[in-house]
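Please treat every number below as a calculation from the coordinates, not as lab data. Only a predicted model underlies this, so the values are computations on that prediction, with no experimental measurement involved. Note that we place each Cβ from the backbone using ideal geometry, even for glycine, and neighbour counts take in every protein chain shown.
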Amino acid sequence: MFNKSLVLVAATVSVCACIKLLDAAPARQAIPESTTADASGKVNVCSSRSVIEADLGKASQSLEQARYQDAVDTLRSPSLLNCDPRAGLLFAAALEAEGNLPAAEQSLERSHALWPSNDSIAASLAREYLSSGQTGKAVQALAHFHATSSTRLQEMQMAAVVYLTANRLLLAQAIAETAYDTYPSLDTLLLLANVLQLEGKYPAVIRFLGSKRATYSASARFLITLAESEYDSAMWVSARRDIEGAIALDGSSFQAHYILANVLVRQGDLDRAITEYRSAISLNPGEPRTYYRLALVYRTRNNAVGEERALDQALAANGQYAPAHCEMGRMLIQEGKLQDAVNHLKLAVQYNPNSEEAYFLLVRAYARLGERNQAEAMVKRLEAVRKENHRGQGR
């Protein structure tokens, strides 16, 4: 199974999106003319609704004209930030446009504390957290997120991305289904298909996309997604037909050439598979899995030199790519370079602690080195990992 390429429209809450938010809907959960108290207990007086709308319009215009500091100056008043959730969104957008990401995040956190059920704020804050690698916080920001037919598509896409990154697949599926039902399009169709693929529901994807073939057969993205599930379902002929159709539509797609190469390997056409892997590499030289797959073809061909070169390229692209370390370890054991093999295999389990093959190879390497205690420790670790992996497969 290869990594899934999520076919998504950029799910970001940009400056333009925040500006459109002002025109698209009235303030949700806005506080009318009244007083509020912030976290320190300080009382803040809200401006009148007419004043708030005027200030929001002024800030929106400043953002449209790229006068970000003017927007910040207009919006920083507590009488705005504490009284209308749109002000917090615009303020964060202006700060982000200026390049002040920490302040933008802090502004969204403050707004989220005031309006925890506001989907626009939650999605924006989740995006900030996700972009800085804080996946857990991104999920927490969506604790009250509830996708309905009135939720903006961009917000649903962002929530789906967060849940997919956090492997919360059922939550991602629920949002993707709502997005497709509310905004039927190629983008939402493929978003839902990608979620189902990650859940391993390949037959369902094939049926789902197959019913839309007449509508989207001229889309390379559609055919690539369909071919992925056909490949995972061992439908080599169908996968090859669809992926070659995708390449005819868009020969510049890395994913299409990569999938075709995988299909050709399954069909035993290794010469053309090598050509397709090289085409994929030329389109995306920074992707380690392509070099790794090419290395396995060279292994089948008993071309040790080609295999080692491809593995070196995989690790040059990403030194943390565990499958390449594992395969390099296997090669080095065969060559009798046992300590070098151990070094690679230890990196393989460091970057993928669930790799049964890497632990098995470590047992072999330590045994041949005469390090009995280490070999026995790896046997125990292999048994534990195998049990955990099998338990996970049964969930």
| So what is the calculated 222 nm ellipticity per residue for the chain, using -39500 (n - 2.57) for each DSSP H run with n of 4 or more, over all residues, to the nearest 500 deg cm²/dmol? | -22500 deg cm²/dmol
| query | Quick one: if you stick a label point 7 Å off each Cα along the C-beta vector at residue 350 and residue 131, how many nm between them? | reply | 3.2 nm
| query | Can you pull the Kirkwood radius for segment 308-389, inverse mean 1/r over Cα pairs, to one decimal in Å? | reply | 12.5 Å
| Simple spin-label model, 7 Å along Cα-to-Cβ: residue 166 to residue 186 in nm? | 3.1 nm
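Whats the longest run of the chain with zero GluC sites (Glu not before Pro) that are DSSP loop and have at most 14 other Cβ atoms within 10 Å? Mind dumping the intermediate values first?
Numbers: sites that count: 33, 98, 199, 335.
Longest gap between qualifying sites, sites excluded: 200-334.
If you put +1 on each Lys and Arg Cβ and -1 on each Asp and Glu Cβ, how big is the dipole of the chain around its Cα centre, in Debye rounded to 20? Can you show the working numbers first?
On the way: 41 positive and 42 negative charges, 232 e Å.
Dipole of the chain, to the nearest 20 debye: 1120 debye.
Residue 383 to residue 76: FRET efficiency via 1/(1 + (r/R0)^6), r the Cβ-Cβ distance, R0 45 Å, to the nearest 0.05? Don't skip to the end; give the middle numbers.
Details: r = 60 Å, r/R0 = 1.33.
The pair residue 383/residue 76 has a calculated efficiency of 0.15.
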| remark: Taking a ≥ b ≥ c as the square roots of the eigenvalues of the Cα gyration tensor, with a/c under 1.5 meaning rounded and otherwise prolate when a/b exceeds b/c and oblate if not, the chain is prolate
| request: Sticking with the crude label model, points 7 Å out along Cα→Cβ, report the distance from residue 148 to residue 67 in nm, one decimal please. | output: 3.8 nm
| request: Please give the direction-averaged projected area of the C-alpha convex hull for segment 192-283, in square nanometres with one decimal. | output: 5.4 nm²
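Full-extension gain between residue 305 and residue 373, please, as 0.36 nm times their residue separation minus the C-alpha to C-alpha distance. Mind dumping the intermediate values first?
Numbers: separation 68, 0.36 × 68 = 24.48 nm, distance 3.35 nm.
Gain on stretching residue 305 to residue 373: 21.1 nm.
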| said: Just to be sure I understand: with springs between alpha-carbon atoms less than 10 Å apart, which residue in 240, 221, 301 has the highest mean-square fluctuation in the Gaussian network model of the chain? | reply: 301
| said: As a footprinting exposure proxy, order 150, 355 by other Cβ within 10 Å, with the fewest listed first. | reply: 150, 355
